[in-house]
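Working notes for the structure below.
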């Protein structure tokens, strides 16, 4: 896990080339640099606790802290998708399910809660169908 995080921190996640590869215009030098800063610092914090086998709760707190430094409404839908993709990669590296965290960032706590309930409901419905 540690080597993967160390490799991830060195990548330029929000370079102009990465935006263009997704068919998007870069949001501006300052914004891309700030996004990179957030991801690098979030990764660095995760690296600090990874050798100590940081708890899942602590890792979620770190991801939440750095993600909440970004205001979702400052970004267009496609930009939000890209930010979520980068944070999902990071969460996967530390074996955290980021769904509720990302939903909360994008849509707010109340809508995130409703989405979580609907996921549970549909999962239960799917399980019932497969049992029959």
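The values are calculated or read from the model by the stated rules, or taken from the named source; none is laboratory data. Values in this document were obtained by computation on a predicted structure and should not be read as measured data. So basically every Cβ, Gly included, is an ideal-geometry build from the backbone, and we count neighbours across all protein chains shown.
Between residues in the range 5-24 that are at pLDDT below 95 and residues that are surrounded by fewer than 15 Cβ atoms within 10 Å (Cβ to Cβ) and not in a loop (DSSP other than H, G, I, E, B), which pairs lie under 6 Å by C-beta distance while being six or more apart or on different chains?
24/78
So, in the range 91-104, exactly how many residues are assigned to a helix (DSSP H, G or I) and surrounded by 20 or more Cβ atoms within 10 Å (Cβ to Cβ)?
Qualifying residue count for the region: 4.
Do we find a residue being closer than 13 Å to residue 42 by Cβ, modelled with pLDDT of 70 or more and either part of a helix (DSSP H, G or I) or touching a helix residue (DSSP H, G or I) at 6+ places or on another chain (Cβ under 8 Å) (or both) anywhere in the range 105-128?
The answer is yes, given that some residue of the range 105-128 is closer than 13 Å to residue 42 by Cβ, modelled with pLDDT of 70 or more and either part of a helix (DSSP H, G or I) or touching a helix residue (DSSP H, G or I) at 6+ places or on another chain (Cβ under 8 Å) (or both).
When only residues in the range 67-90 that are farther than 18 Å from residue 18 by Cβ and outside any loop (DSSP other than H, G, I, E, B) count, which is nearest to the chain's Cα centre (by Cα)?
Here the answer is 67.
Residue 2 passes all but one of (1) in contact (Cβ under 8 Å) with a residue 40 or more places away in the chain; (2) over 18 Å from residue 91 (Cβ atoms); which number fails?
Status for residue 2: all satisfied but (2).
Working only within the range 28-58, note down all residues that are in a loop (DSSP other than H, G, I, E, B) and either surrounded by 11 or more Cβ atoms within 10 Å (Cβ to Cβ) or in contact with a strand residue (DSSP E or B) (Cβ under 9 Å, 6 or more places away or on another chain) (or both).
The answer is 54, and nothing else.
Please specify each residue of the range 8-27 satisfying the condition of being under 15 Å from the mean Cα position of the chain (by Cα) and either loosely packed, with under 13 Cβ neighbours inside 10 Å or in a loop (DSSP other than H, G, I, E, B) (or both).
Once the filter is applied, which keeps residues that are under 15 Å from the mean Cα position of the chain (by Cα) and either loosely packed, with under 13 Cβ neighbours inside 10 Å or in a loop (DSSP other than H, G, I, E, B) (or both), the range 8-27 yields 13, 14.
Say we look at the range 28-53 and pick out the residues that are touching a residue at least 40 places away in the same chain (Cβ under 8 Å) and under 16 Å from residue 101 (Cβ atoms); which of these is farthest from the chain's Cα centre (by Cα)?
The extreme case among them is 46.
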